[in-house]
Amino acid sequence: MARNLDAKCRKCRREGEKLFLKAEKCFTEKCAVERRAYAPGQHGQKKNSRQSEYGGQLREKQKLRRIYGVLEGQFRLTYKRAEKARGITGESLLQILESRLDNVAYRMGFGGSRAEARQTVRHNGVLVNGKRVNIPSFTVKPGDVVEVAEGSKGQLRLKSSLAAAEQRGFPEWIEVDAKAFKGTFKAVPQRSELPATINEHLVVELYSK
């Protein structure tokens, strides 16, 4: 199974912002972006404000891929789905990414990061409507109930991430019963409910060429 093994903190530094790839570390002073707010590599500290239009579009696409942990081929397929969907392509793209099982599990606190949530899914640790689903890209639909399998509820890391997520607060489009390790995907999020730091229009422009 293909995986992206690049150092997570380097990805955040390359994009110049927190992508929240390292669980609780991203919320502490140990965050690499907090300590070194410049791109990695020997030329990272050189100031170069000039960037082509294509370069900006490419960077935004890479950032979006890294946030959701999607490989290039998967991302292209996801974009094609968004093109065929009703409504605005960019918004549909974000909604499809947010509806992935690994992302929903992360939003519910079943992992400190999307990578941790993805691992829980792959290891048969998540149920959807009472059935085991180990496919991270599985599309969760409004009304679906996502819960942690009984055998995974005792994991200390999962308990810790769920407690941290509960303390920070859950998104409006999901409802979580932390004591039962269970949540409901109430609705597909609207664009206004998603991070304003994402510029999906640049991604659409890139793929429209």
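Each reported figure results from applying straightforward, stated rules to the coordinates on display, with no laboratory input. Everything quoted here is computed from the prediction, not taken from an experiment. Every residue, glycine among them, receives a Cβ derived from its backbone with ideal geometry; neighbour counts consider all protein chains shown.
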Seminar exercise, completed: Full extension between Lys209 and Arg122 adds, at 0.36 nm per residue less the Cα distance, a length in nm of 27.8 nm
For this session: Would you mind computing, in nm to one decimal, how far apart the modelled labels at Lys84 and Gln51 are, each placed 7 Å from Cα along Cα→Cβ?
Result: 3.2
Exercise. Given 0.36 nm per residue, what is the gain on full extension from Ala178 to Thr197 after removing their alpha carbon distance, in nm?
Worked result: 4.0 nm
Problem set entry | Leu58 versus Leu71: modelled label distance in nm, points set 7 Å from Cα along the beta carbon direction | 2.1
Exercise. Arranged from highest to lowest average of other beta-carbon atoms within 10 Å per residue, in what order do the peptides 74-82, 189-197 appear?
Worked result: 74-82, 189-197
Problem set entry | Among 164-175, 135-146, the order from most to least packed when residues are scored by Cβ within 10 Å on average | 135-146, 164-175
For this session: Using a 10 Å cut-off on Cβ atoms, rank the peptides 65-73, 150-158 from the highest mean neighbour count down.
Result: 65-73, 150-158
For this session: Add +1 for every Lys or Arg and -1 for every Asp or Glu among the other residues with Cβ under 14 Å from the Cβ of Leu101, and state the total.
Result: +3
